[in-house]
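Nothing in this text is a laboratory measurement; each read-out follows from the coordinates by a stated rule. What you see is a predicted model, and the numbers here were worked out from it, not measured in a lab. Here the Cβ is made from the backbone with ideal geometry for all residues, glycine too, and neighbour counts use every protein chain on show.
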Amino acid sequence: MNEIIKLSAADLAAKLRDGSVTSTQAVQAHLDRIAAVDGGDRGVHAFLHLNAEEALAVAAEVDAIRAAGGPEAEALHPLAGVPIAIKDLIVTKGQPTTAGSKFLEGWMSPYDATVIEKIRAAKLPMLGKTNLDEFAMGSSTEHSAYGDTRNPWDLDRIPGGSGGGSAAAVAAFEAPLALGTDTGGSIRQPGAVTGTVGVKPTYGGVSRYGAIAMASSLDQIGPVTRTVRDSALLHELIGGHDPKDSTSIDQPVAELAAAAEQGATGDLTGVRIGVIRELQGEGYDAGVQARFDESLQLLRSAGAEIVEVSCPNFEYALNAYYLIMPSEVSSNLAKFDGVRYGNRVLPAEGPMTIERVMGATRAAGFGDEVKRRIILGTYALSAGYYDAYYGSAQKVRTLIQRDFEAAFAQADVLVSPTSPVVAFPLGSKLDDPLAMYLNDVATIPANLAGIPGITVPGGLSENLPVGIQFLAPAHEDARLYRAGAALEKLLEDQWGGPLINQAPELAESSKEGVA
């Protein structure tokens, strides 16, 4: 394995600045890695589309600027030249954006999402677009119209979802950085089961303009990386106010990298960490609970005060989420009808009315999980049921927000396992949607409340990664990076290095690459 691809983004950026590695070498090393392990029947299948020509062109531009020196070189962003992968839910001009759906197969966006504009301005070469559950609906990346993504730790297991492609790409050393989206845990849950770091920023802290909407009051773009510091650097780059997003927060991005550096000392003296009673114990794998308990002991040894907090309304969070989210899905996906958006399918026979064209198009374009959620959401919003279902779920959402307020009165950050289970075998839960939904039980409350969360690798159970989740009050994302970096440092001291280094090496699966 080329050693370049094993570098963290921060370490790679340092080598790019001192000239010991060029951006062209870094991009090519990652493209070679993708060609070696991503394609074929036993490949990771993290990518849906490669952007090799543009990525190499951007890399060459960065190398030329650095070689010339002067003010332009000094003005380069610290991450300039570091490759990045993009979840295929975020529109990018010049590349396909499919949302993992046949509905948008081959669609080329005429504009860039705000986060992509920032990535381009900072000159990070974009390697390509990563796989996801269709329109981000799923917890395993098995609902993509373009095939499953596999977990690099065990190719017969899921990489989480909906952003399994981004997490798998980072875990398989196909990219040092990636962007994902998190509606109910779709950055953090894949991070937990692939041994990567994933962050859901405070709602509105990163612009959603250009992210294909699933549930607008819940969606949030965030970083996927292998270290807490890398997430902080990427978060600082993509964060900030955007007038094109009506939900964007008009305030500056906090000094997140500095918070991560503070945490990396391993000192949490004076920090109160609240253990959420309702997010542990029954329903959590024994190995997951054991790694969580061990992490608490390490946090205590670092000087943190560990307190137990109760959030009694979390019991209803999953139910509330699976009414609010499908309702917003029903509304957001109404425009995908073959008339206004998406590929058109004509009915096989009968009159060509607009209603029949829409029906044929949506029947052929959407997969089963998307149809399930549209039907559920449409029912919840229908006359006679709105107050009983959607209205009641919003009241529960308010109660969950109040639970968090009470908990944060007792603690600076909260902690829980990120996922109740490790990565499960591909296909094992496809016939049981309710079992699949339970994978998000620990991550959903943060989305309902709009608060930030981070997952950090917490060790292994059954030789598979376990994630530890920290949550902080809205706008206090820096607290996540301090706590997350501290636990990362304590665990790496114990393990003798990053957990990802313990992952089994992927055999070269194919030279076919990706489409």
In terms of Cα to Cα distance under 12 Å, which aspartates and glutamates are near enough to residue 123, apart from those fewer than 8 places away along the same chain? 54, 61, 63
Report the label-to-label distance for residue 495 and residue 301 in nanometres (one decimal), using points 7 Å from each Cα along the Cα→Cβ vector. 1.6 nm
Starting from the Cα of residue 343, step 7 Å along the direction of its Cβ; do the same at residue 6; then give the gap between the two resulting points in nm. 4.2 nm
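If packing is taken as the average number of other Cβ atoms within 10 Å across a peptide's residues, how do 92-101, 57-66, 240-249 rank, most packed first?
Details: 92-101: 23.0, 57-66: 19.1, 240-249: 15.7.
Descending mean neighbour count gives 92-101, 57-66, 240-249.
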Give the Kirkwood hydrodynamic radius (Å, one decimal) of region 314-399, defined as one over the mean of 1/r across all pairs of different Cα atoms. 14.1 Å
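When only C-alpha pairs under 8 Å and at least 6 residues apart count, what is the relative contact order of the chain, in percent?
Working: 1249 pairs, mean separation 99.2, N = 515.
This gives 19 percent for the chain.
So what is the calculated 222 nm ellipticity per residue for the chain, using -39500 (n - 2.57) for each DSSP H run with n of 4 or more, over all residues, to the nearest 500 deg cm²/dmol? Intermediate values should be presented prior to the final figure.
Numbers: 17 runs with 193 residues, N = 515.
Result for the chain: -11500 deg cm²/dmol, rounded to the nearest 500.
Sort 228-237, 16-25 for me by packing, meaning the mean count of neighbouring Cβ atoms within 10 Å per residue, highest on top.
Numbers: 228-237: 27.1, 16-25: 17.2.
Averaged packing, sorted descending, gives the order 228-237, 16-25.
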Net charge near residue 445: determine it from the other residues with C-beta under 11 Å of the C-beta of residue 445, scoring Lys and Arg +1 and Asp and Glu -1. -3
Listed by chain and number, the lysines with an alpha carbon less than 24 angstrom from that of residue 489, same-chain partners under 8 positions apart left out, are 6, 15, 200
FRET efficiency for residue 247 and residue 75, Cβ-Cβ distance as r, R0 = 41 Å, nearest 0.05? 0.85
7 Å from Cα along Cα→Cβ at both residue 431 and residue 410: what's the point-to-point distance in nm? 4.3 nm
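Do you know the relative contact order of region 314-399, to the nearest whole percent, from alpha carbon pairs under 8 angstrom that are 6+ apart?
Values: 82 pairs, mean separation 37.6, N = 86.
So the answer I get is 44 percent.
In whole Å and largest first, what semi-axes does the C-alpha gyration tensor of region 1-115 yield when each eigenvalue is scaled by 5 and square-rooted?
Numbers: eigenvalues 153, 73, 22 Å².
Over the Cα atoms of region 1-115, the semi-axes work out to 28, 19, 11 Å.
Over 24 Å between C-alpha atoms is what I'm after, so list which of 87/244; 335/371; 335/395 land there. Please list the in-between numbers first.
Numbers: 87/244 20 Å; 335/371 14 Å; 335/395 28 Å.
In this structure, 335/395 lie more than 24 Å apart at Cα.
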Residues of region 111-142 with amide N under 18 Å of a point placed 7 Å along Cα→Cβ from residue 64: 120-126
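Could you compute the net charge surrounding residue 315? Neighbours are other residues with a C-beta less than 15 Å from the C-beta of residue 315; K and R count +1, D and E count -1. Before the final figure, lay out the partial values.
Working: positive: 277, 395, 397, 402; negative: 278, 282, 403, 440.
Once all neighbours under 15 Å are counted, the net charge is 0.
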Contour minus Cα-Cα distance for residue 53 and residue 379 (0.36 nm per residue): 112.7 nm
Quick one: grab Rg to one decimal and Dmax as a whole number for region 288-440, Cα atoms only, in Å. 21.6, 73
Treating only Lys and Arg (+1) and Asp and Glu (-1) as charged, each at its beta carbon, one finds that region 314-399 has a dipole about its Cα centre, in Debye to the nearest 20, of 180 debye
Cβ-based charge dipole, the chain, positive-most Cα from 110, 180, 262: 110
Could you tell me which label, among (i) 21.7, 73; (ii) 22.6, 65; (iii) 25.1, 85, carries the value of Rg and Dmax of the Cα atoms in Å calculated for this structure? (i)
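List the GluC sites (Glu not before Pro) within region 345-405 that fall in a DSSP loop (any state other than H, G, I, E or B) and whose Cβ has at most 11 other Cβ atoms within 10 Å. Working shown, then result.
On the way: sites: 349, 355, 369, 405; in loops: 349.
For GluC sites (Glu not before Pro) across region 345-405 that sit outside H, G, I, E and B with at most 11 neighbouring Cβ atoms in 10 Å, the list reads 349.
Based on the mean of other Cβ atoms within 10 Å per residue, sort peptides 163-173, 409-419, 107-117 so the most packed one is first. Provide the component values of the computation, followed by the final result.
Details: 163-173: 34.0, 409-419: 23.7, 107-117: 18.5.
The peptides rank, most packed first, as 163-173, 409-419, 107-117.
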Whole-Hz ³J(HN,Hα) from phi, Karplus 6.51 cos²θ - 1.76 cosθ + 1.60, for region 398-408, glycine and proline x: 4, 5, 5, 4, 5, 4, 5, 4, 5, 5, 6
